[in-house]
Amino acid sequence: MTDENHFFALFDGLHRQGPGSIASTLKALASLPPLPRDGLIADIGCGCGASSLPLAEATVCQIKAFDLHKPFIDQLEKELRHRNLQGRVTPVIADMRKLPLEQASVDLLWSEGAIYIIGFDHGLNLWKRFLRPNGYVAVTELSWLNSSPSEKAKSFWMHEYPGIRTITENIVAVETEGFKVVTSFPLPSDDFYDGYYEVLEQRAQTMKSNRPNDQAALNVADAILKEIDVWHECKGDFSYVFYVGQLR
């Protein structure tokens with residue numbers, strides 16, 4: 001198996017593919033005015049629906065949920081049937097770089113823990129064409145919480161994600177892309193560990209135990225464990241941060 005296959009194996013069956021919580025999703029949603037009954041939300045990089053499902057239950061909008069990984073979409077479809085939400089959420093296998101959306105057709109663009117794949121600025125610039133006039137965007141992005149992070153955190157994240165910036169720098173980027181910032185807030189520590197790092201840590205240790213001679217598996221497991229170790233020691237230095245804006 002390749003590193004990528006082992007990576008997806010670690011996340012297989014998880015409800016959440018990144019830090020976050022229903023509470024934080026709903027907090028970001030609550031910063032917006034009520035959306036129209038015939039409104040459309042696009043959840044980009046939806047994974048297994050950790051955001052799509054609470055958004056469907058908290059709004060009257062239709063939701064299109066996009067992800068490139070078919071097993072995530074399959075899991076979301078199963079959960080939609082279980083909750084009888086098939087008529088509210090349409091899962092779509094699609095690349096976030098080439099979304100099958102019409103221009104000016106979306107009321108709210110949503111993306112938790114995924115915009116980094118194509119870059120924060122590029123993602124906002126690429127996706128804003130899909131928003132209706134005065135539409136909204138809500139995304140989370142890994143951000144420095146202070147201007148002088150520890151050397152351990154800086155060394156790790158500048159290697160893993162060189163695009164990481166401070167909250168202030170990202171707010172400037174949001175405004176530069178033509179949005180008025182509605183709110184921004186860091187995810188609390190519980191959003192990292194409960195239901196995410198806690199499970200990944202156990203799975204990574206199990207992968208190492210079960211595949212001691214599989215170097216690709218060991219590479220993936222060690223990378224996850226290193227990230228978790230950095231979070232435990234340096235979590236005051238960084239977090240995912242919600243950025244919510246309205247298109248001017």
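Every number in this text was worked out from the coordinates using simple rules, so none of it is lab data. Every value quoted in this text rests on a predicted model; they were computed, and no experiment measured them. Positions of Cβ are generated from backbone atoms using ideal geometry, with glycine treated the same way; all protein chains shown enter the neighbour counts.
Under 13 Å from the Cβ of Asp95, count the other residues' Cβ atoms, weight Lys and Arg +1, Asp and Glu -1, and hand me the total. Don't jump to the answer; show the numbers that get you there.
Details: positive: Lys70, Arg97, Lys98; negative: Asp67.
Charge balance in the 13 Å sphere: +2.
Sorting Trp157, Trp127 by the number of Cβ atoms found within 10 Å of their own Cβ, with the fewest placed first, yields Trp157, Trp127.
For the range 98-107, backbone phi angles converted through the Karplus equation (6.51, -1.76, 1.60; θ = phi - 60°) give residue-by-residue couplings of 9, 6, x, 10, 7, 5, 6, 10, 10, 8 Hz, Gly and Pro being listed as x. Placing unit charges on each Cβ (+1 for Lys and Arg, -1 for Asp and Glu) gives the chain a dipole about its Cα centre, and among Leu109, Met207, Ile167 the Cα reaching farthest toward its positive end belongs to Leu109. For the chain, the longest principal axis of the Cα atoms and the long axis of helix 198-210 meet at an angle of about 40 degrees. Amide H contacts of Cys46: Phe66, Asp67, each under 5 Å away and 5 or more positions distant or on a separate chain (H built 1.01 Å from N in the peptide plane; Pro and chain starts excluded).
Here's how it looks for Asp237: its modeled amide H is under 5 Å from none belonging to a residue 5 or more places away or on a different chain.
In order along the range 19-28, the Karplus-derived 3J(HN,Hα) couplings, from 6.51 cos²θ - 1.76 cosθ + 1.60 at θ = phi - 60°, round to x, x, 6, 4, 4, 6, 4, 5, 5, 5 Hz, and Gly and Pro are given as x.
Computed per residue of the chain from DSSP H runs no shorter than four, each worth -39500 (n - 2.57), the mean residue ellipticity at 222 nm is -12000 deg cm²/dmol.
Ranking Phe120, Leu85, Leu53 by how far each Cα lies toward the positive end of the dipole of the range 48-137 (charges on Cβ) leaves Leu85 at the top.
Identify the trypsin sites (Lys or Arg not before Pro) of the range 178-236 meeting these criteria: DSSP loop state and at most 15 other C-beta atoms within 10 Å of the C-beta.
On the way: sites: Lys180, Arg203, Lys208, Lys226, Lys235; in loops: Lys235.
Sites meeting the loop and neighbour criteria: Lys235.
Enclosing the Cα atoms of the range 138-248 in their convex hull gives a volume equal to 110 cubic angstrom per residue.
The packing ranking of peptides 5-15, 115-125, highest mean first, is 115-125, 5-15, where packing means the average number of other beta carbon atoms within 10 angstrom of each residue. Relative to the longest principal axis of the Cα atoms of the chain, the long axis of helix 215-234 makes an angle of roughly 70 degrees. Cross-link partners for Lys152 among the aspartates and glutamates, with Cα-Cα distance under 13 Å and sequence neighbours closer than 8 places in the same chain left out: Glu160, Glu227, Asp229, Glu233, Asp237.
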